[in-house]
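Participant: Have a look at the structure that comes next, please.
The values are calculated or read from the model by the stated rules, or taken from the named source; none is laboratory data. All of these numbers come straight from a predicted model, not from anything done at the bench. Cβ atoms come from the backbone with ideal geometry, glycine included; neighbour counts cover every protein chain shown. Ligands, DNA and RNA are stripped out before the accessible areas are found, and what is left, the full protein with its side chains, is counted by its heavy atoms. Shrake-Rupley method; radii C 1.70, N 1.55, O 1.52, S 1.80 Å.
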Amino acid sequence: MLEYDYVPMPQRNPLVWPGGKRLALVFTFNLETWDLTKDTEQPYYAGGPPILPDILPGNTPDYPNYTWREYGQRVGIWRLIDLFDQMGVAASCTTNAVTFERRSGMTDAVIERGWELLAHNYEQGELLTNFAHDEAAERDVILRSIETYEKHVGKRPVGWLSSSLRGTLNTAAILADQGFKFYCDLMNDDQPFMIRTQHGPIVGVPYSNVINDFTMVTRQALTTDQYRDQLIEEFDTLYAEGAETSRIMNVGLHPHVSGRAHRVRAIREFIAHAQKHEAVWWARREEISDWYAENHESHYPGQLGG
């Protein structure tokens, strides 16, 4: 099971990141890989919104949606990597285990740069919620993901984001049992918090489906300028609030969305805006998790119960 406390922001003690930083800014590249077909006549949800509606049955190739996503693997990710290299910024990436096998150019590029890499399910279209009532099957997905990650990275993963954030009541406990430090599926806060499980605690490091190109660009159809401006608006508010208690801002990016030629400018101009602010912590999630695991009692006591 998964438990955490409800503590409203005004009831918490001030949180101050290392060095007095106000805002931990994290960019997430989601390095996702989908099966072309599934052995089912049910509609195949490939872990993200389609560019064309009327999703086809899993046993029927959906080339428009499949190749729209594949653009990110072939072109978009390299545009984003070039941008981040030029601006001296590291991304915190997530990867499906099959990406190591089928699209290794992406994971190799992340490993070569020493960027953070989180486990992100085995295959993007295999959601953990498919196994919400079968803990053994869910555990198998996670163990297969760990095994493949370790084979290619040389160490076990310490952070997890479920495909489409579709975790179950058992996910955090399975992860804690496997030695994970942090879990990112919960989107309920601007600060980390401790999650209790029967296998011990794990740090909740919130992700965001709001500050996320799927929502802002694909669902809301924001223009490039609107996309940039919304990122800046979020940053400016969190940065100002961080003078009293530090915050996290996660920017979720998908290479086939933000890696398009007409959208990458929004990310460039947003990064340039953030770089003008001195009290930004350009942090890895593992750094956030480690620091919070040591300091959570000063934030608000009793998070681990007992």
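Participant: Separation of the stretch 253-298 and the stretch 179-198 by C-alpha centroid, Å?
Facilitator: Answer, in whole Å: 18.
Participant: Now, a different point. Working from the alpha-carbon coordinates of the stretch 155-306, get Rg over Rh, Rh being the Kirkwood radius.
Facilitator: 1.00
Participant: Given VAL26, ILE111, GLN42, which one lies farthest toward the positive end of the charge dipole of the stretch 12-113, if we put +1 on the Cβ of every Lys and Arg and -1 on the Cβ of every Asp and Glu?
Facilitator: VAL26
Participant: A further question follows. How big is the equivalent ellipsoid of the stretch 204-264 along its three axes, where each semi-axis is √(5λ) from the Cα gyration tensor, reported in whole Å from largest to smallest?
Facilitator: Over the Cα atoms of the stretch 204-264, the semi-axes work out to 23, 13, 9 Å.
Participant: Continuing with the same structure: Given the options PRO301, ALA274, ALA137, identify the residue whose Cα lies farthest towards the positive end of the charge dipole of the chain (+1 on Cβ of Lys, Arg; -1 on Cβ of Asp, Glu).
Facilitator: The listed residue farthest towards the positive side: ALA274.
Participant: Run through the stretch 1-102 and list the trypsin sites (Lys or Arg not before Pro) located in a DSSP loop whose Cβ has at most 16 other Cβ atoms within 10 Å.
Facilitator: Filter output for the stretch 1-102: ARG12.
Participant: Further, regarding this structure: Could you tell me how far the Cα centroid of the stretch 204-238 sits from the Cα centroid of the stretch 93-112, in Å?
Facilitator: Each part's Cα centre sits 25 Å from the other's.
Participant: Give, rounded to the nearest 20 debye, the magnitude of the charge dipole that the chain has about its Cα centre when Lys and Arg contribute +1 at Cβ and Asp and Glu contribute -1 at Cβ. Walk me through the numbers before you get to the answer.
Facilitator: On the way: 28 positive and 42 negative charges, 135 e Å.
Computed about the Cα centre, the dipole is about 660 debye.
Participant: Please quote Rg/Rh for the stretch 59-218 to two decimal places, taking the Kirkwood radius as Rh and restricting both calculations to Cα atoms.
Facilitator: With Rh from the inverse mean 1/r over Cα pairs, Rg/Rh is 0.96.
Participant: Also, I was wondering about something else. Once the mean 1/r over all distinct Cα pairs of the chain is inverted, what Kirkwood radius in angstroms do you read off?
Facilitator: By the Kirkwood definition, the hydrodynamic radius is 19.8 Å.
Participant: Only helical DSSP H runs with n ≥ 4 go in: add -39500 (n - 2.57) per run for the chain, normalise by residue count and round the 222 nm mean residue ellipticity to 500 deg cm²/dmol. Walk me through the numbers before you get to the answer.
Facilitator: Values: 9 runs with 106 residues, N = 306.
Dividing the helical sum by the residues of the chain leaves -10500 deg cm²/dmol.
Participant: Using the Cα centre as the reference, give the magnitude of the dipole from point charges on the C-beta atoms of the stretch 236-291 (Lys, Arg: +1; Asp, Glu: -1; all else neutral), rounded to the nearest 20 debye.
Facilitator: Result for the stretch 236-291 is approximately 480 debye, rounded to the nearest 20.
Participant: Also, I was wondering about something else. What accessible area per residue comes out for the chain, rounded to a whole number of Å², with a 1.4 Å probe?
Facilitator: Numbers: 13150 Å² over 306 residues.
I get 43 Å² per residue for this part.
Participant: Can you divide the C-alpha Rg of the stretch 63-112 by 2.2 N^0.38 Å and report the result to two decimal places?
Facilitator: 1.20
Participant: Once you sort the root eigenvalues of the Cα gyration tensor of the stretch 1-146 as a ≥ b ≥ c, which label holds: rounded (a/c under 1.5), prolate (a/b larger than b/c) or oblate (the other case)?
Facilitator: It comes out oblate by the Cα gyration axes.
Participant: Compute the separation of the alpha-carbon centres of the stretch 149-171 and the stretch 11-42 and state it in Å as a whole number.
Facilitator: Centre-to-centre (Cα) distance: 12 Å.
Participant: What does the charge dipole of the stretch 167-286 about its Cα centre add up to, to the nearest 20 debye, if the Cβ of each Lys and Arg holds +1 and the Cβ of each Asp and Glu holds -1?
Facilitator: On the way: 12 positive and 15 negative charges, 96 e Å.
Dipole about the Cα centre, nearest 20: 460 debye.
Participant: Here's another thing I want to ask about it. Measure off, as a whole percent, the carbon and sulfur share of the 1.4 Å-probe accessible area of the chain, all protein chains present. Spell out each step's value before the answer.
Facilitator: On the way: 6330 of 13150 Å².
Accessible surface attributable to carbon and sulfur in the chain totals 48 percent.
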